[in-house]
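Below: one structure, written as structure tokens.
The values are calculated or read from the model by the stated rules, or taken from the named source; none is laboratory data. What you see is a predicted model; the values in this text were computed from it and never measured. Positions of Cβ are backbone-derived with ideal geometry, glycine not excepted, and every protein chain shown enters the neighbour counts.
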Amino acid sequence: GENVEQHPSTLSVQEGDSAVIKCTYSDSASNYFPWYKQELGKRPQLIIDIRSNVGEKKDQRIAVTLNKTAKHFSLHITETQPEDSAVYFCAASDSNSGYALNFGKGTSLLVTP
Amino acid sequence: DAGVTQSPTHLIKTRGQQVTLRCSPKSGHDTVSWYQQALGQGPQFIFQYYEEEERQRGNFPDRFSGHQFPNYSSELNVNALLLGDSALYLCASSNGETQYFGPGTRLLVL
């Protein structure tokens, strides 16, 4: 089955700096890669996603890049703010499995003022 | 438009008991997936329901079972509860690749 690895497990940045979280996946059939943000005690919320036919996608301060050959994808957050502090999860899925999500173990991001 | 809802929000059970958790999908969504999230971990896929049938299943024992109703809502049943079943149980609904999560049910097994 699919195995998703995520690094780093914790990340601390100063407000205004950029944050980068990296994930790798093992199953070449995976073709959909969402990122979720989970605040303490809350539900995971989709923040951005990318499909395998696209190399990069951007939404304001958030961007995701995908390298299908190397089987890795990354989340980039620019101009970080304290409210960006949360746990971020990457996931990989494919249409053959009904897009069941295989999650990484998460990255705890702390943005200090 | 209500998003994904789950009930109950919290539940305490003892070992060996059985539990039923409920999920109502977002309007327009026909697929419900269930995940188990242990403390400090990423969600783990349990199974997915579509057209009232289990379409995909993760690596969970058959103590975990489910159902989907004609209105697309779903139930997760866990029999013979173990201490290790204590977790946040999340359901997610979709009508394609994008899944939207409910607030979860926090289950504590004593």
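Looking for whichever is surrounded by fewer than 19 Cβ atoms within 10 Å (Cβ to Cβ) and not hydrophobic (A, V, I, L, M, F, W, C) here; the options are A:Pro82, A:Pro44. Which one fits? Walk me through it before giving the result.
Values: A:Pro44 fails: surrounded by fewer than 19 Cβ atoms within 10 Å (Cβ to Cβ).
So the residue among A:Pro82, A:Pro44 that is surrounded by fewer than 19 Cβ atoms within 10 Å (Cβ to Cβ) and not hydrophobic (A, V, I, L, M, F, W, C) is A:Pro82.
Among A:Thr107, A:Thr65, A:Thr80, which is the only one that is modelled with pLDDT of 95 or more, hydroxyl-bearing (Ser, Thr, Tyr) and closer than 21 Å to B:Gly104 by Cα?
On the way: A:Thr65 fails: closer than 21 Å to B:Gly104 by Cα; A:Thr80 fails: closer than 21 Å to B:Gly104 by Cα.
On inspection, the qualifying residue turns out to be A:Thr107.
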Problem - Top-ranked residue in region B:82-110 [being at the interface with another protein chain (Cβ under 8 Å from one of its Cβ atoms) and surrounded by fewer than 17 Cβ atoms within 10 Å (Cβ to Cβ); ranked as nearest to A:Arg51 (Cα to Cα)] - result: B:Thr98
Fill in the blank from the handout: Those residues of region A:58-113 which are on the phi > 0 side of the Ramachandran plot, away from chain B (no Cβ under 14 Å) and not basic (Lys, Arg) amount to A:Gln60, A:Glu79
Practice task
Please list, ordered by first then second residue, the pairs with beta carbon atoms under 9 Å, 6 or more apart or interchain, first in region A:28-39 and at negative phi, second of a type in the set (Val, Ile, Thr) and assigned to a loop (DSSP other than H, G, I, E, B).
Solution key: A:Tyr32/B:Thr98; A:Pro34/B:Thr98
Practice task
Could you please tell me which pairs satisfy a Cβ distance under 6 Å, a separation of 6+ or placement on different chains, a first residue in region B:39-65 that is more than 7 Å from chain A (Cβ to nearest Cβ) and within 23 Å of A:Tyr88 (Cα to Cα), and a second residue that is small (Gly, Ala, Ser) and not in a strand (DSSP E or B)?
Solution key: B:Ile46/B:Gly58
